[in-house]
Structure formats: structure tokens, C-alpha cells
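What follows is a single structure, written as C-alpha cells, with notes after it.
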Amino acid sequence: MPDQEPIPPPPPPPPGPELGPKSTSTGLPSNVAAALACIPLIGGIIFYIVEKQDGFVRFYAMQSIIFGIGCFVIYIGCAIVYGLFRALPGGEWFFGPLWYFVWRLIILALFVLFVVTVVKALTNVRWEMPYIGPMARKQVEGGAA
């Protein structure tokens, strides 16, 4: 056999796409950290405590804390109304199922709001929930209007 040159190794693959800026405290990309911070109350508290520099993550964390508290208050209010309807004569068979249906619609609306917030965080969009977003922005920015 004639002298054969060895086959050169393939060139290294090109670098992957840049994932965006990293969160300074967690090491996660900012959008991923913000999406995890959207988990109502618990995720918000954890990321608000851990992340001290990234305003994007801190905003979503504060928004999550306020949203979680709001969900809890709405749940307690719905349970009280349901209990009152059940206490009414005949209310258990008429108002009970009607309120239960309304309660489930409220839960569905809150879930949709949560999903939209997570998607916005993952796409690096700073999106403010109605009513909650401005409160979160004021808290993160130090009370400025």
C-alpha cells in the first residue's frame, strides 16, 4: 500500500448561541432565574433574597411575592363566600354549585396569568401584571413613583 496521510480531525463545532446575560448571584441566565422566580410566593421569596444585583430577576421575584399573597387572599375570600352560601337555607343546592363554578373560573384565570408571566420572563420581556406589576416595580426601585 502506498503511504497514506492520516485523515485530519474534524474542526471544532461553532460556539452555541449566547443565552443572554447571567444573573449575578445565581449563575443562571437572567430569563431562567426570572421564570423560576415566578413560582408564586416561594420562588419569589427565594430569588428576592438570593439575587441582589439583577433588577430583572428581582422585579419578577417581587411580582411573584405579591401575586402569591393575592392568590392566598382570594382563596380565603372565596372559601368564606362559599361557606356563607352553604349556610343559607337552600343555598347549598343552588348557590353552592354556582359559586363553586365561579371559584374554578377565578383559579383558571390566575393560572393563565401565571403562565403568561413565566412565558414573558423566559422571552426576556419585563411584563407587569395588572395592578401587581406597578406595586412590584415601586418596591424594587426603592419606592420611586
**Prompt:** Restricting attention to region 80-98, does a residue exist that is of a type in the set (A, V, I, L, M, F, W, C), modelled with pLDDT of 90 or more, farther than 27 Å from R137 by Cβ and out of contact with any strand residue (DSSP E or B) (no Cβ under 6 Å at 6 or more places or on another chain)?
**Reply:** yes
**Test: C78 is in contact (Cβ under 8 Å) with a residue 12 or more places away in the chain and under 30 Å from G27 (Cβ atoms)** = no
**Message:** Quick check on region 53-63. Is at least one of its residues among the hydrophobic types (A, V, I, L, M, F, W, C), surrounded by fewer than 14 Cβ atoms within 10 Å (Cβ to Cβ) and assigned to a helix (DSSP H, G or I)?
**Reply:** no
**Fill in**
Residues of region 123-133 being surrounded by 13 or more Cβ atoms within 10 Å (Cβ to Cβ) and without any contact (Cβ under 8 Å) to a residue 40 or more places away in the chain, in sequence order, are W127
**Request:** Being hydrophobic (A, V, I, L, M, F, W, C) and within 15 Å of L41 (Cα to Cα) narrows it down to one of F72, F94, F101, F85, so name that one.
**Result:** F72
**Message:** Out of the residues in region 70-122 meeting the condition of being basic (K, R) and out of contact with any Gly (no Cβ under 6 Å at 6 or more places or on another chain), tell me which one is surrounded by the fewest Cβ atoms within 10 Å (Cβ to Cβ).
**Reply:** R104
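The values are calculated or read from the model by the stated rules, or taken from the named source; none is laboratory data. Keep in mind the model is a prediction, meaning the values are calculated, not measured. A quick note on method: Cβ atoms are made from the backbone with ideal geometry, for glycine too, and the neighbour counts reach across all protein chains shown.
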